[in-house]
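Report on one structure; see the data block that follows.
The values are calculated or read from the model by the stated rules, or taken from the named source; none is laboratory data. This one's a predicted model, so the numbers in the text were calculated from it and none came from an experiment. Neighbour counts are summed over all protein chains in view; Cβ atoms, including those assigned to glycine, are modelled from backbone coordinates with ideal geometry.
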């Protein structure tokens, strides 16, 4: 709880710091702020508490999710190198402040106990993301991404709100714990039938945010058009927060309405896996491929929603962490390469601009390959264990066909992730040594090392979750 | 005993749900069929107002003020969204002199 | 006139003006119809005994938000009716989706066991300022404070996006 207050104050002070200090200082201060807020988050560990009229609940699960979100924000801030250097990004302090505020929204979404906190948290996160997506003001692609994201985002909010309203009409409460009690104690037949529509509309609203098929159509365009650093932010933080909210609602309070949502959720999960993986195969642009890959990873996560094993929560946390670490590295290398290539080739984000990266930049090539291996789920990386835990949880609940499909689709995934590795190591190309700032390099290696350590000793983190 | 307003005695709650559903679907129709960004945006406002009306109806029928408080929050959030949304639309108009979202198709390869 | 007739008349008016919002060619007409829809919804709030909500709805929605819309439209000078680029096929698909959703919703709501009205426990003061204020600043204190963060983000964001950078054209 204190982390939220601290982050809001830090965000405001960040804006003031922008008057006097250059970008470098603000970046370091923002990193410091995030470390402090992570420490404050940890201080609530093992104290299950309700705050502010029972609206905000801190549990160990919510603390773990908030830590993953703040860790992702930490790396995004560490990888932000372009702000303040060119004409377009002349206001670095504002961007860092908005990022801190959006982390507040994300934390609210993982630890709400009242529908309104979910709604306000989602809106803080979304409004911040609309601004950040459009922050490359004179770039038409960024403009287009911003308007698409904005219109789709508010459209989705409408669905979520209509769902919340119908559930309120049926249960007369906005409190998550109250709704859960009412739903478990009343027979579903005696509930008003619009309750089920409400539940489905809430699920649809959140599925839009995690970009599950068939609600994913905005994702590739928005991810491609947004500045890469904010695509990194979207594909890690927004996704983790929305999925955590979805998981808490669906497998928590709507758990007793299992029969209403289980078939749609399976269908959506399988469709997401197929659409995400198959479309990713055909992409020429690494950024677009990563967008489709994030859709397919949403599919794996949605698979777990219905498996009510005790270990499921920790599997989801492990998966989110491994996915975050790998995605952040992939986008970071993409930032460096596309910046280098932007003056040389027409489409700097394509696979072809990665060709021959290993020759003069062995470090970058290694980091990129390890992140690709982790996303593909190759053993000895974190991604393998993430997929393994999810599949075994789902399998032990006798959900056979979706798991088989998921395994097949992760085999398809290997193909397009290896396309990146092949371009880096085997194709011939001319890339000179790319200058990497120290902080950037440290963050890059920290993530890569994290991926490997998690891959070799999964129990190290799994025992904490 | 306090008197119950006549409307609550004579009009069943179902009517309000239907009215709001109809308003909500008109909003969806607008979002899906129009291309002018500002009109799409107005259709989204219609959807939010359908939600507001339904919340107020539930709140009055159940005598529970939290529903009406939720409406305030939706209004506040809508205001914030409008500010950002119109800023995005102004930004786009500066660049392409149009607000037809069909013109923006750079990303569709 | 009976009150139920007033209700049906008002609802028909609401739906009609809402339809006009999405059908008019000219954005300015759309805005005016939308303002009219908001007034109709405010009238519904009065019928529901939610007077404060009615006042807020007119002040915030019809007063502030719609004026913002009008300003932006005036700034763009959209007098000329630009033909829309959306194909009739997408329009048809959109109508089918919305229509299906409406039919499903109404079909489900029709056969319904709505919770019974409250009877004796009914409180006609629910929608009054005093009552709402107590709840807003008591139970809902946390979201009330959080909305300030949202406004802050929106304010910073709108300035960031709307501000003219050096060398940029001024419309």
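Return yes when residue C:116 is modelled with pLDDT under 85, more than 9 Å from chain B (Cβ to nearest Cβ) and under 25 Å from residue B:62 (Cα atoms) and no when it is not.
Numbers: modelled with pLDDT under 85: yes; more than 9 Å from chain B (Cβ to nearest Cβ): yes; under 25 Å from residue B:62 (Cα atoms): yes.
Criteria met by residue C:116.
Among the candidates A:52, A:56, which residue alone is out of contact with any strand residue (DSSP E or B) (no Cβ under 8 Å at 6 or more places or on another chain) and within 14 Å of chain C (Cβ to nearest Cβ)?
On the way: A:56 fails: out of contact with any strand residue (DSSP E or B) (no Cβ under 8 Å at 6 or more places or on another chain).
Answer to the selection: A:52.
Examine the range B:34-41 for a residue that is free of Cβ contacts under 8 Å to residues at least 12 places away in the same chain and at the interface with chain C (Cβ under 7 Å from one of its Cβ atoms), and state whether such a residue exists.
Residues of the range B:34-41 free of Cβ contacts under 8 Å to residues at least 12 places away in the same chain: B:34, B:39.
So of that shortlist, the ones also at the interface with chain C (Cβ under 7 Å from one of its Cβ atoms) come out as B:34, B:39.
Scanning the range B:34-41 turns up at least one residue that is free of Cβ contacts under 8 Å to residues at least 12 places away in the same chain and at the interface with chain C (Cβ under 7 Å from one of its Cβ atoms).
Residues checked against (1) more than 7 Å from chain C (Cβ to nearest Cβ); (2) over 17 Å from residue C:131 (Cβ atoms); (3) buried (at least 24 other Cβ atoms within 10 Å of the Cβ):
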{"residue": "B:60", "(1), (2), (3)": "no, no, yes"}
{"residue": "B:63", "(1), (2), (3)": "no, no, no"}
{"residue": "B:68", "(1), (2), (3)": "no, no, yes"}
{"residue": "B:73", "(1), (2), (3)": "no, no, no"}
{"residue": "B:76", "(1), (2), (3)": "no, yes, no"}
{"residue": "B:83", "(1), (2), (3)": "no, yes, no"}
{"residue": "B:88", "(1), (2), (3)": "no, yes, yes"}
{"residue": "B:93", "(1), (2), (3)": "no, yes, no"}
{"residue": "B:100", "(1), (2), (3)": "no, yes, no"}
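If residue A:434 satisfies every condition in (1) outside any helix (DSSP H, G or I); (2) modelled with pLDDT of 90 or more but one, which is the exception?
That leaves (2) as the condition not met.
Could you say whether any residue in the range C:90-108 is at the interface with chain B (Cβ under 7 Å from one of its Cβ atoms), modelled with pLDDT of 85 or more, surrounded by fewer than 18 Cβ atoms within 10 Å (Cβ to Cβ) and farther than 30 Å from residue B:8 by Cβ?
Scanning the range C:90-108 turns up at least one residue that is at the interface with chain B (Cβ under 7 Å from one of its Cβ atoms), modelled with pLDDT of 85 or more, surrounded by fewer than 18 Cβ atoms within 10 Å (Cβ to Cβ) and farther than 30 Å from residue B:8 by Cβ.
Name the residues in the range A:37-53 that are assigned to a helix (DSSP H, G or I) and farther than 17 Å from residue A:108 by Cβ, would you? Lay out the reasoning, then the answer.
Kept after step one, since they are assigned to a helix (DSSP H, G or I), are these residues of the range A:37-53: A:37-42.
Within the range A:37-53, A:39, A:42 qualify.
Residues that are closer than 21 Å to residue A:327 by Cα, touching a helix residue (DSSP H, G or I) at 6+ places or on another chain (Cβ under 7 Å) and at pLDDT 90 or above: which helices (runs of 4 or more DSSP H) entirely in the range A:337-431 hold 3 or more of them? Lay out the reasoning, then the answer.
Working: elements: A:357-360, A:362-376, A:382-395, A:400-425.
Result: A:362-376, A:382-395, A:400-425.
Restricting to the range C:70-89, count the residues that are facing chain B (nearest Cβ under 7 Å) and at pLDDT 75 or above.
Keep residues of the range C:70-89 that are facing chain B (nearest Cβ under 7 Å), which gives C:72-73, C:76, C:82, C:84-86.
In the following step, the residues that additionally are at pLDDT 75 or above were identified as C:72-73, C:76.
Looking only at that region, the number is 3.
Name the single residue, out of those in the range A:160-184 being facing another protein chain (nearest Cβ under 9 Å) and in a helix (DSSP H, G or I), that is surrounded by the most Cβ atoms within 10 Å (Cβ to Cβ).
Out of the qualifying residues, it is A:165.
Within the range B:42-58, take every residue that is within 9 Å of chain A (Cβ to nearest Cβ) and over 9 Å from the mean Cα position of the chain (by Cα) and give me the one that is farthest from residue C:14 (Cα to Cα).
B:58
In the range A:146-159, how many residues are more than 7 Å from every other protein chain (Cβ to nearest Cβ) and buried (at least 24 other Cβ atoms within 10 Å of the Cβ)?
3
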